[in-house]
Structure formats: structure tokens, C-alpha cells
1. Rounded to the nearest 0.05, what FRET efficiency do ILE89 and VAL153 have when you use their Cβ-Cβ distance and R0 = 30 Å?
2. Between MET24, MET180, MET122, find the one with the highest GNM mean-square fluctuation for the chain; connect C-alpha pairs within less than 10 Å.
3. Which of CYS130, SER190, VAL144 sits farthest toward the positive end of the charge dipole of the chain, with +1 on the Cβ of Lys and Arg and -1 on the Cβ of Asp and Glu?
4. Taking the alpha-carbon centroid of each part, what is the distance from the range 94-125 to the range 139-207 in angstrom?
5. Along the three principal axes, how long is the chain when you take its alpha carbons, biggest first, rounded to the nearest angstrom?
6. Sticking with the crude label model, points 7 Å out along Cα→Cβ, report the distance from ASP55 to GLU146 in nm, one decimal please.
7. For SER73 and GLU203, compute 0.36 nm times the residue count separating them, minus their Cα-Cα distance, and round to one decimal in nm.
8. Gaussian network model of the chain, Cα springs within a sub-10 Å range: biggest mean-square fluctuation belongs to which of ALA120, ALA167, ALA57?
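Bear in mind that the values in this text are calculations on the coordinates, not laboratory data. Note that the structure is predicted; figures quoted are calculated from it, not measured. Here the Cβ positions follow ideal geometry from the backbone for every residue, glycine too, while neighbour counts run over all protein chains shown.
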Amino acid sequence: MGNFMSKYINMGNTGVNLDYYLLMEKKLDPQLFKHSTEVANCAAGLARVYGEDQDRAFQAGLLHDYGKRLNPSLLREEVQRLGIKLDKITLAEPQLLHAPVGAALVREELGVEDGQILRAIMYHTTGSPCLGLLEKIIYLADVVEEGRDYPGVEKLRELSYKDLHMALLTAVDNSIRRVMEKGRLLHPLSVFFRNELLLQVNEGKRR
């Protein structure tokens, strides 16, 4: 059992499906596996702070990039095979496509039926205005896990454990800014997610 799994177990948690961990270690390349396990540990830590189930958060974090092991051509083949109905923006962006395909494959191949875990995987790239707590935690853990290294990440990581919605709003703003700077397609769900978070942050300030 690797150091990342040991980190979570050493926190006193025992309800972890070791089969998923071993499967991901086998299926993912080392860099992606390291990222996935760091996201899992970060998600478990955030879950502890915000009152979400830590085991479910760890599992969702571990599986969130299950579809990323496939290249764009294979992702599109899986869309056709599985009959996934997607908008044209998602279909045109492989960085977005791996999320809904991954959710479908996690259900088909691993037998995961937890709707919130599947939604967390499906929306971890775009976000959505209808995300629940678990899904929000996975979105945030993906961008602040310990392996991430970009300007401002340390402050965002610290904020993540103090103010969930403000941290999410900052993360989404950063993501939208990067997408626009690169001249890539911006998914409308990210805009809707950003606006919903801004409403929640502003409402919190008025209280």
C-alpha cells in the first residue's frame, strides 16, 4: 500500500475500498495516479472540515480522473458506445470530455452507483450551479491538492479550509481566466457555477 493511502489510513479512517486504490495504481500512469491520490487525500481533509463523509470524498477524489487515461479518440469512441448525450463544447474539448466519460465508465466498469460520487466526477472540470457539498469538495481538491504548483495556490489552499465558497469562487475565476487567455472554449456551466458561487458569497456577507 502506497504512502498516499497510508496517509489517509493513518488519519484513523478504515472504510476505504482498497480495490479501487490498487486498480487506479494499475490503470493510471504514475503522474496521474499521484495526482489522483493527492486529490483523494485533500478531499478527505476538506470533508472533515465541512462535515462531509470522508470515505466518500476520498473515493470520489481517487476516481475523479478515471477517464483521463484515455486519449481523445478513445474518449469519443466511448461517448458513442455508451450513448452519452453531450453538448458540442464538451465534445470539442478533450480536457472536458474525460469527466462525463469517466463518470460513465466508473459506473459501468467499477459498479459505483453513488449518485453524488458520479456527479462529482462528471462536473469536476466545468463545475455546475447545482453542485452539492461533495461535488464542490472534489472540484476544489482538484485544484489545491499538494502537488499543484502555480502562482497563488498556497493562499488558495489555505483559504480552502476556512471559507469553502470563497475558495471555490477564486478557483473558478482563475480557471475562467486561464481558458480565456488561451483562447479556448469556455463551457457555460462554468459561468453559471461562478455566478451561483458569487451569489452565495454575497449572501453570506449580508448576514
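1. Working: r = 27 Å, r/R0 = 0.89.
Efficiency, from the Cβ-Cβ distance: 0.65.
2. Largest GNM mean-square fluctuation: MET180.
3. It is SER190.
4. One Cα centre to the other: 21 Å.
5. If we take the Cα atoms of the chain, the spans are 47, 44, 30 Å.
6. My value for the distance between the label points is 2.4 nm.
7. Numbers: separation 130, 0.36 × 130 = 46.80 nm, distance 4.36 nm.
Contour length minus Cα-Cα distance gives 42.4 nm.
8. ALA167
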